[in-house]
Amino acid sequence: MSMADIRDSAPVAATGTQIDVRGLEIEYETSGGPVHALGPIDLTIGAGEFVSVVGPSGCGKSTLLKAVAGLIRPSAGGVSIGGAPITKPHSDLGIVFQNPLLMDWRSVLSNVLLQAEMRSMPKQQATAKAKALLAQVGLAGFENRRPHELSGGMQQRVGICRALLHEPPLIMMDEPFGALDALTREQMCYDLQDLWLERRPTVLFITHSISEATLLSDRVIVMSKRPGQILAEYEMTRPRPRLLDDDEHPEVDRVSREIRRLLGVTDHATTKKAS
Ligand SMILES: Nc1ncnc2c1ncn2[C@@H]1O[C@H](COP(=O)(O)OP(=O)(O)OP(=O)(O)O)[C@@H](O)[C@H]1O
Ligand SMILES: [Mg+2]
C-alpha cells in the first residue's frame, strides 16, 4: 500500500505555501553568554518545492526549522509564509521534530489523534486515517501501546504519522528517518516521495543523509559550521519517481561528491590511492 492509498477521497489539498527567509539570525542566551547559532540566512522555498538542508552537527539546522515554524524568535531578520510575517507558532503545517515528543500518558493512536483534536477534525474519519497511517509505517497492532513500550525508531514513526494526519500544505521534518533501520528508512523515503508527488506540499527537510537529500529534493542546501550560513545549493533535476540506488546517475554522483567535499568528508579510498 502506498501513501497515496491512504488518502481519503476528499479533493486533493491545495499545493503548499511559499516560505521566505530574509536576513535571519538566531542568537541563544545561555549562562555562558550569547551563542550565535544561525545566520544570516536568505532562503526562498517555492510553493510545492521540496528543499533539503544538510550541514555539520550543531550548525543550526534545527534552529532554522524552529525559526521557520515560528517556535523561536529571530534575533534579526525574519520569516514569512505565504507572504505573511511569522510572529507566533505557525499552525498550518506538519512538523516532525528530531525527538518525537510523544505524550507518554496517551496511547500511540491517541498521540497521532492529538493533531485531529487540535484542529477539530471529525473523529471517526481522523481515527480511520490515523490507523491507516500507522499501518503504513509498520505499526499496526501497536495502536494501544504507550510510547515508552516502543523503540526509538517506532516512536519516530508515530511522530511522522501525527505530522501527516491533516495533510498539511507545509511539512517540516528534522532528521525524521535518523533513528530508523536501513530498510524502514528506504521505505519511508519512497513513501514521502509518493506523498509529495501526489499533493506537492512545500517541504523543508533536514537530514544528515546525502542520499536522502539527493533522492527527495528539488534543491539541496548545504550549511556551514555554526553560525550556520548557506555554503552552496544544488538543483536536483532528474525525473521522479527516483530511486535510492541512482548513485551512479551523473547528477547524483556530482552533487554527492561536492557536498562531501564541502563538509570536509575524506574519501579514504581516494586518499590511500593517492599516497
Ligand atoms: N535552546 C538552546 N539554548 C542555547 N543554545 C542552543 C539551544 N539550542 C541550540 N543551541 C546551540 O545552537 C547551535 C545550533 O544548534 P542546532 O540544534 O540548531 O544544531 P543542528 O544543526 O540541528 O545540530 P544536529 O545536526 O546535531 O541536530 C548549537 O551550538 C547548540 O549548542
Ligand atoms: Mg538538529
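The values are calculated or read from the model by the stated rules, or taken from the named source; none is laboratory data. Bear in mind that the values here come from a model prediction, so they are computed numbers and not experimental data. As a convention, Cβ positions derive from the backbone with ideal geometry for all residues, glycine included, and neighbour counts pool all protein chains shown.
Numbers below:
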| read-out | value |
| --- | --- |
| Pair list, Cβ under 7 Å, 6 or more apart: segment 130-156 residue farther than 21 Å from ARG185 by Cβ, other residue in a loop (DSSP other than H, G, I, E, B) | ALA130/LEU165; LYS131/GLU143; GLU143/SER107; ASN144/SER107; ARG145/SER107; ARG146/ASP104; ARG146/SER107; HIS148/ASP104 |
| Subset of segment 45-59 [surrounded by fewer than 18 Cβ atoms within 10 Å (Cβ to Cβ) and either away from ligand 2 (no atom under 14 Å from the Cβ) or aromatic (Phe, Trp, Tyr) (or both)] | GLY46, ALA47 |
| Unmet requirement for SER209, which otherwise passes all of (1) closer than 25 Å to GLY58 by Cα; (2) not assigned by TED's automatic domain parsing to the domain that holds ARG240 | (2) |
| Pair list, Cβ under 7 Å, 6 or more apart: segment 67-88 residue without any contact (Cβ under 8 Å) to a residue 24 or more places away in the chain, other residue of a type in the set (A, V, I, L, M) | GLY70/ILE86; ILE86/VAL79 |
| Complete set of residues in segment 146-178 that are more than 14 Å from TRP196 (Cα to Cα) and of a type in the set (D, E, K, R) | ARG146, GLU149, ARG157, ARG162, ASP174, GLU175 |
| Output for segment 196-206, where each listed residue is in contact with a Lys or Arg (Cβ under 9 Å, 6 or more places away or on another chain) and not charged (D, E, K, R) | TRP196, LEU197, ILE206 |
| Checking LEU65 against (1) more than 7 Å from ligand 1 (Cβ to nearest atom); (2) closer than 12 Å to MET223 by Cβ; (3) part of a strand (DSSP E or B); (4) of a type outside the set (Lys, Arg), the condition it does not meet | (3) |
| In segment 191-209, residue modelled with the highest pLDDT [restricted to those that are within 16 Å of ligand 2 (Cβ to nearest atom) and part of a loop (DSSP other than H, G, I, E, B)] | THR207 |
| Considering residues of segment 15-44 that are within 16 Å of ligand 2 (Cβ to nearest atom) and surrounded by fewer than 18 Cβ atoms within 10 Å (Cβ to Cβ) only, the residue farthest from LEU262 (Cα to Cα) | TYR28 |
| Residue match in segment 230-249 (condition: more than 23 Å from GLY153 (Cβ to Cβ) and within 15 Å of ligand 1 (Cβ to nearest atom)) | yes |
| Condition met for LEU113 (under 15 Å from the mean Cα position of the chain (by Cα), within 30 Å of ARG146 (Cβ to Cβ) and either at pLDDT 95 or above or surrounded by fewer than 14 Cβ atoms within 10 Å (Cβ to Cβ) (or both)) | no |
| Residue that is surrounded by the fewest Cβ atoms within 10 Å (Cβ to Cβ) [pool: residues in segment 210-226 that are part of a strand (DSSP E or B) and among the hydrophobic types (A, V, I, L, M, F, W, C)] | VAL222 |
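Residue-wise test of (1) on the phi < 0 side of the Ramachandran plot; (2) crowded, with 18+ Cβ neighbours inside 10 Å; (3) within 17 Å of the chain's Cα centre (by Cα).
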residue	(1), (2), (3)
LYS61	yes, yes, yes
LEU64	yes, yes, yes
ALA67	yes, yes, yes
GLY83	no, no, no
THR87	yes, no, no
HIS90	yes, yes, yes
GLY94	yes, yes, yes
LEU101	no, no, yes
TRP105	yes, no, no
